[in-house]
Amino acid sequence: MGAYDDDNIFARILRGEIPCSKVYEDDDTLAFLDIMPRSKGHVLVIPKVKAVDLTDIDPAALAKLMTVVQKLSPKIVKALGADGFMIQQFNGAGAGQTVFHLHIHIIPRWEGESLKPHGTTMADKDELAETAEVLSSALAD
């Protein structure tokens, strides 16, 4: 797909150069709120290794990433009182990927509620902070 860009926004977040609404972190992954959420509590989970997309990551690192996605998803649903969740992941610009660091979207869903379009509407920063606080507590080990 292309070479990894060390200046992509997620690489900069991992280095602490750009703030994020962190909700979970371990040795291998970081989870934070999407600033353009499709629903309340829309979380991005990223590996700490350099990987452009799903085809660019070592299987062992991918297993660690997906283990965290599996662990966090039901906790996010419970903390927010959602009816379920959706997992979304894009590979390449043609598929809708806009940040070229592998990331998995965990999108809480409520029955009857439509999703916002992908990557179009900025969230209110106070609402993000409030949601991050709720999720951080719920996702703590």
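Brief remarks follow.
- Environment charge of Tyr4, counting only residues whose C-beta is closer than 14 Å and scoring Lys/Arg +1, Asp/Glu -1: -2
- Efficiency of FRET from Cβ geometry, Val134 and Asn8, R₀ 25 Å, rounded to 0.05: 0.35
- The 1.4 Å probe gives accessible areas that order Ile18, Ile76, largest first, as Ile18, Ile76.
- Angle in degrees between helix 59-80 and the longest Cα principal axis of the chain, rounded to the nearest 10: 10 degrees
- Model label points for Leu54 and Lys75, set 7 angstrom from Cα along the Cα-to-Cβ axis, are 2.5 nm apart.
- Computed with every protein chain present, the accessible area of Asp83 is close to 100 Å² [probe 1.4 Å].
- Accessible area per residue, Å², the range 39-141 with all protein chains present, probe 1.4 Å: 53 Å²
- Crossing angle, helix 125-139 versus the chain [Cα axis fit, 0-90 degrees, rounded to tens]: 90 degrees
- Charge context of Thr120, other residues only, Cβ under 14 angstrom, K/R +1, D/E -1: +1
- Carbon plus sulfur fraction of accessible area for the range 7-141, probe 1.4 Å, in percent: 53 percent
- Accessible surface of Thr98 - all protein chains present, 1.4 Å probe, nearest 10 Å²: 100 Å²
- Accessible-area ranking of Lys50, Lys75, Lys125, Lys22, largest first, probe 1.4 Å: Lys125, Lys50, Lys22, Lys75
- Förster radius 22 Å - calculated FRET efficiency between Thr98 and Glu17 (Cβ-Cβ, nearest 0.05): 0.70
The values are calculated or read from the model by the stated rules, or taken from the named source; none is laboratory data. Computed from a prediction, not measured in an experiment: that's the story for all the values here. Neighbour counts run over all protein chains shown; Cβ positions are idealised from the backbone, glycine included. Note: areas computed on protein heavy atoms with side chains; ligands, DNA, RNA excluded. Shrake-Rupley method; radii C 1.70, N 1.55, O 1.52, S 1.80 Å.
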